[in-house]
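The values are calculated or read from the model by the stated rules, or taken from the named source; none is laboratory data. None of the values given here were measured: they were computed from a predicted structure. Using ideal geometry, Cβ is built from the backbone for each residue, glycine included, and neighbour counts are taken over all protein chains shown. We work out accessible area using only protein heavy atoms, side chains counted, and drop any ligands, DNA or RNA first. Shrake-Rupley method; radii C 1.70, N 1.55, O 1.52, S 1.80 Å.
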Amino acid sequence: MSLNDESRVNMVSYLEKIGYVKSESVKNAFLKVDRSNFIPEHVKHEAYRDTPLSIGWGQTISAPSMIALMLEVSDLKNGLKTLEIGAGSGYNAALIAEICGEENVITIERIPEVYQFGMENLKRAEYRVRIVIGDGTKGFEEEAPYDRIIATAAAPEIPQSWKDQLKEDGMIIAPVGKERYYQELTVLKKRKGGTFDTKKYGGCIFVPLVGEDGWKE
Ligand code: SAM
């Protein structure tokens with residue numbers, strides 16, 4: 001086992017111990033995807049610390065515990081069509097691909113340089129996930145409807161397009177809050193007839209979702 005593999009196994013054991021990794025599917029995804037392949041050279045020594053890291057252009061890759069929490073509440077399964085808003089480094093998209101299947105994952109990024117970074121990382125790590133550039137506050141109509149829409153940037157409120165692009169029984173998982181630097185992890189489940197059940201999973205801090213139906217720059 002390389003030092004990197006060993007650090008990854010240790011990180012997953014830690015995430016299990018603190019109760020953030022619960023399911024076999026999330027555990028296996030974390031064991032499989034090498035976080036160090038998705039971050040810039042100067043932070044590679046921190047790849048398996050449970051902390052957010054800068055990926056450049058003012059953006060971050062989230063802390064593994066936060067990602068684990070989001071993946072667990074998303075209740076992902078193989079075959080679920082999933083749209084991620086905020087591709088960033090591509091790491092979370094790779095984890096989702098391990099669970100849902102790479103052909104079922106679409107991820108969208110608004111900053112051209114970050115899009116390029118995420119695309120190259122996914123390609124190098126051999127994940128054939130569809131990554132697109134655009135304003136994710138509008139969802140991504142072309143591939144709708146989705147079983148899951150997972151936002152990794154903070155929305156002031158859930159955009160209507162995400163609700164419209166969701167299948168019945170589908171879920172939206174997003175940090176939501178009217179304060180720019182504090183949100184609650186929020187899960188909306190779509191019922192028959194288009195009504196929604198809402199559940200909250202505590203406080204979190206994400207970079208803002210910037211766009212037409214999000215925060216203004
Ligand atoms: N999921 C990412 C990963 O695994 O590295 C982390 C994402 S980072 C916390 C949030 C990302 O959302 C940033 O790259 C940011 O540029 C992007 N973002 C913000 N607003 C967006 C929007 N309207 N559409 C698409 N991406 C957006």
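If packing is taken as the mean number of other Cβ atoms within 10 Å per residue, what is the order of 44-50, 207-213, highest first? Don't skip to the end; give the middle numbers.
Details: 44-50: 15.3, 207-213: 18.0.
Taking the mean over residues of other Cβ atoms within 10 Å, the ranking is 207-213, 44-50.
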query: Once amide H atoms are built 1.01 Å from N in the peptide plane, which residues 5 or more positions from Gly101, or in another chain, come under 5 Å H to H?
result: Gly79
- prompt: With contacts defined as alpha carbon pairs under 8 Å and 6 or more residues apart, what's the relative contact order of the chain in percent?
  reply: 15
query: From the backbone phi of the range 39-46, what are the Karplus-calculated ³J(HN,Hα) couplings (6.51 cos²θ - 1.76 cosθ + 1.60, θ = phi - 60°) in whole Hz, Gly and Pro given as x?
result: 10, x, 3, 6, 10, 4, 5, 9
- prompt: What percent antiparallel are the DSSP beta bridges of the chain, to the nearest 5?
  reply: 45
task: Any of Lys27/Lys189; Lys22/Lys190; Lys27/Lys163; Lys32/Lys192; Lys123/Lys200 with alpha carbons more than 32 Å apart? Name them for me.
output: Lys32/Lys192; Lys123/Lys200
- request: Provide the packing ranking of 108-117, 66-75, i.e. peptides ordered by the mean count of other C-beta atoms within 10 Å per residue, highest first.
  value: 66-75, 108-117
query: Which residues' amide hydrogens lie under 5 Å from the amide hydrogen of Thr107, considering only partners 5 or more residues apart or on another chain, with H built in the peptide plane?
result: Glu84, Arg130, Ile131, Val132
query: Which residue, Asp197, Asp164, Asp135, tops the fluctuation ranking in a GNM of the chain built on C-alpha contacts under 10 Å?
result: Asp197
query: Under a Cβ-Cβ cut-off of 15 Å, what is the net charge of the residues other than Val105 that fall near it, where Lys and Arg count +1 and Asp and Glu count -1?
result: -2
- request: Roll a 1.4 angstrom probe over the protein heavy atoms and tell me the percent of accessible area of the chain that is carbon or sulfur.
  value: 49
query: Taking H as built 1.01 Å from N, whose amide H comes closer than 5 Å to the amide H of Ala154, not counting residues under 5 places away?
result: Val207, Leu209
field: Cα-based Kirkwood hydrodynamic radius, the chain, one decimal, Å
entry: 17.1
